[in-house]
Amino acid sequence: MDYLTPRPDLYDVPFMAEEFNGMPYRRVGASGLQASAIGLGTWKFGYPHTGDGARVDERTAFAIFDRAIELGVTFWDTANRYNAGSGNSERLIGRWLRANPEQRRNIVLATKLHGGMDGATPNHSGLSRTNIVDALRASLARLQLDYVDVLYFHRFDPGVPIEESLETIEDLVRQGVVRYFAVSNFTRDQLADYLKVQETLSRRCRPVAVQNQFDPVNREPERFVGALELCAAQGVAYVPYSPLAGGLLTTRYLDPAKAGAGDRLHDEGRLAAAATPEKLAVVRRLVKLAEAWEIEVSQLALAYLLTLPGMGPQIPSSSTVAQLESNAAAGRVTLTSEQLAEIEAALSA
Ligand SMILES: NC(=O)c1ccc[n+]([C@@H]2O[C@H](COP(=O)([O-])OP(=O)(O)OC[C@H]3O[C@@H](n4cnc5c(N)ncnc54)[C@H](OP(=O)(O)O)[C@@H]3O)[C@@H](O)[C@H]2O)c1
């Protein structure tokens, strides 16, 4: 072998990457894991013809996954119970990964467990050692993977000692089938309790993220108030779910009478509750700012969320490739302090 001929293909690569395909990354809390600032929620991805409650079928989902890689949108969020308890969101991701095995390392894949799936006894849901191990095994089978990057507890389980759940996570991390642990739908106090117990164990079971509902208009739901502040103080990433309020933070509902079949808030029968005149007035003020800054109001919302202390990567659902492209571009929108002040004023007026 000729060791003296220069091999720029080997050494001319950056020693450390800060972004991927143009998408900035950010640390997930105080952990070493980095995730794309804009990720992809897949709650509504599945097989609509099976009646699984999905609104994005395999063909569209695969087009979205392909484009997501090109745009650096690599933080993918699913759960065992998406959609309607079918597991089809995971199955669909698994089928795409099987067709694109070279992309596995580029994706930070997060899934969740807690709710009942295919088992009927009281042991087949919740955060007992039994259900955590069984549910993860079933998720890995649907995903056709041997590990997940992030495993979330989908909600708190008051019926199981925290030590039992966290020690199970420690074991799974040691076994290499889970890389990072996180929680979802946790109140401030539940998160504080978990962090306290974790300190008696190892960092393997320290939650790196909390996934709770949050969007600029509705903020933290009452039951979760204080969780974001605790995340900021404790180096835990707050990954907001429904960051676009299910689509309210776009221009499509400004005239609710025009919303119809195909618009999610309409299809889910929650248009009246979600698009109240007060909330639409806030969206209108944000739209005005976004127009002046030549961005979309959904991009303004995502870029704003990324500036909040404690906030982690965003996981908006994208139902089309065009939505994905728009959402991905929000990862590169930088808001000045003057713009942030104008957004705050629009939100609180
Ligand atoms: N942990 C939990 O309990 C929990 C609960 C809920 C969600 N989540 C996660 O959070 C993710 C996101 O939440 P979400 O789906 O509830 O709500 P979201 O991201 O706030 O809203 C997504 C909806 O907004 C519309 N949309 C998205 N991007 C758009 C764009 N650029 N332009 C116009 N419209 C756009 C689409 O509506 P159309 O479909 O009508 O086009 C899409 O379905 C989920 O996929 C899931 O991964 C977790």
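Inside segment 299-341, can you point out the residues that are among the polar types (S, T, N, Q) and farther than 20 Å from Glu220 by Cβ?
Those that are among the polar types (S, T, N, Q) and farther than 20 Å from Glu220 by Cβ: Gln299, Ser318, Ser319, Thr320, Gln323, Ser326, Asn327, Thr334, Thr336, Ser337, Gln339.
In this structure, is Glu278 more than 12 Å from the ligand (Cβ to nearest atom) and closer than 18 Å to Gln323 by Cα? Explain how you work it out, then say what you get.
Numbers: more than 12 Å from the ligand (Cβ to nearest atom): yes; closer than 18 Å to Gln323 by Cα: no.
So Glu278 fails the test.
Being farther than 25 Å from Arg91 by Cα and under 22 Å from the mean Cα position of the chain (by Cα) is the filter; apply it to segment 166-188 and report the residue that is nearest to the ligand (Cβ to nearest atom).
Phe186
Scanning segment 252-271 for residues that are in a loop (DSSP other than H, G, I, E, B) and near the ligand (Cβ under 8 Å from one of its atoms), which turns out farthest from Arg55 (Cα to Cα)? It would help to see each step written out before you state the result.
First pass over segment 252-271, keeping only residues in a loop (DSSP other than H, G, I, E, B): 252-255, 259-263, 268-270.
In the following step, the residues that additionally are near the ligand (Cβ under 8 Å from one of its atoms) were identified as 252, 262-263.
On the way: Arg252: 17, Gly262: 9, Asp263: 10 Å.
If we take residues in segment 252-271 being in a loop (DSSP other than H, G, I, E, B) and near the ligand (Cβ under 8 Å from one of its atoms), then Arg252 is farthest from Arg55 (Cα to Cα).
Within segment 272-349, considering only helices (runs of 4 or more DSSP H) that don't extend past its boundaries, which have at least 1 residues that are over 24 Å from Phe65 (Cβ atoms), within 21 Å of the chain's Cα centre (by Cα) and hydroxyl-bearing (Ser, Thr, Tyr)? Lay out the reasoning, then the answer.
Details: elements: 277-292, 297-305, 321-329, 337-348.
Of the helices (runs of 4 or more DSSP H) lying wholly inside segment 272-349, those with at least 1 residues that are over 24 Å from Phe65 (Cβ atoms), within 21 Å of the chain's Cα centre (by Cα) and hydroxyl-bearing (Ser, Thr, Tyr) span 297-305.
Provide a single number: the residues in segment 179-206 that are part of a strand (DSSP E or B) and either of a type in the set (Gly, Ala, Ser) or farther than 23 Å from Met311 by Cα (or both). Can you show your working first?
So in segment 179-206, the residues part of a strand (DSSP E or B) come out as 179-184.
Still in the running and either of a type in the set (Gly, Ala, Ser) or farther than 23 Å from Met311 by Cα (or both): 182, 184.
Number of matching residues: 2.
Are there strands (runs of 3 or more DSSP E) fully within segment 22-133 with at least 1 residues that are surrounded by fewer than 19 Cβ atoms within 10 Å (Cβ to Cβ), of a type outside the set (Ser, Thr, Tyr) and in contact (Cβ under 8 Å) with a residue 60 or more places away in the chain? List them. Step through it out loud before you land on a result.
Working: elements: 23-27, 34-36, 75-77, 108-113.
Passing ranges, in order: 23-27.
The rows are residues; the columns are (1) polar (S, T, N, Q); (2) under 29 Å from Trp76 (Cβ atoms); (3) surrounded by 13 or more Cβ atoms within 10 Å (Cβ to Cβ).
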| site | (1), (2), (3) |
| --- | --- |
| Thr250 | yes, yes, yes |
| Gly260 | no, no, no |
| Asp263 | no, yes, yes |
| His266 | no, yes, yes |
| Ala272 | no, no, no |
| Ser298 | yes, yes, yes |
| Pro309 | no, yes, no |
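Taking segment 221-248 as the search range and keeping residues that are in a loop (DSSP other than H, G, I, E, B) and under 16 Å from the mean Cα position of the chain (by Cα), which one is surrounded by the fewest Cβ atoms within 10 Å (Cβ to Cβ)? Lay out the reasoning, then the answer.
Step one: of segment 221-248, the residues in a loop (DSSP other than H, G, I, E, B) are 221, 225-226, 235-236, 242-244, 248.
Now restrict to residues that are under 16 Å from the mean Cα position of the chain (by Cα): 236, 242-244.
Numbers: Val236: 28, Ser242: 20, Pro243: 27, Leu244: 24.
The residue in question is Ser242.
Which of the following residues is away from the ligand (no atom under 14 Å from the Cβ) and either within 16 Å of Arg104 (Cβ to Cβ) or at pLDDT 95 or above (or both): Gly72, Gly46, Gly51, Gly41? Even if it seems obvious, please write down each step before you answer.
On the way: Gly46 fails: away from the ligand (no atom under 14 Å from the Cβ); Gly51 fails: either within 16 Å of Arg104 (Cβ to Cβ) or at pLDDT 95 or above (or both); Gly41 fails: away from the ligand (no atom under 14 Å from the Cβ).
Of the residues listed, the single one that is away from the ligand (no atom under 14 Å from the Cβ) and either within 16 Å of Arg104 (Cβ to Cβ) or at pLDDT 95 or above (or both) is Gly72.
Take Ala209 and tell me if it is of a type in the set (Gly, Ala, Ser), out of contact with any helix residue (DSSP H, G or I) (no Cβ under 9 Å at 6 or more places or on another chain) and either at pLDDT 95 or above or outside any strand (DSSP E or B) (or both). Break it down into steps so the answer makes sense when it comes.
Details: of a type in the set (Gly, Ala, Ser): yes; out of contact with any helix residue (DSSP H, G or I) (no Cβ under 9 Å at 6 or more places or on another chain): no; either at pLDDT 95 or above or outside any strand (DSSP E or B) (or both): yes.
So Ala209 does not fit the description; no.
The values are calculated or read from the model by the stated rules, or taken from the named source; none is laboratory data. None of these values were measured; they are calculated from a predicted model. Quick reminder, even Gly has a Cβ in these numbers, built from the backbone with ideal geometry, and neighbours come from all protein chains shown.
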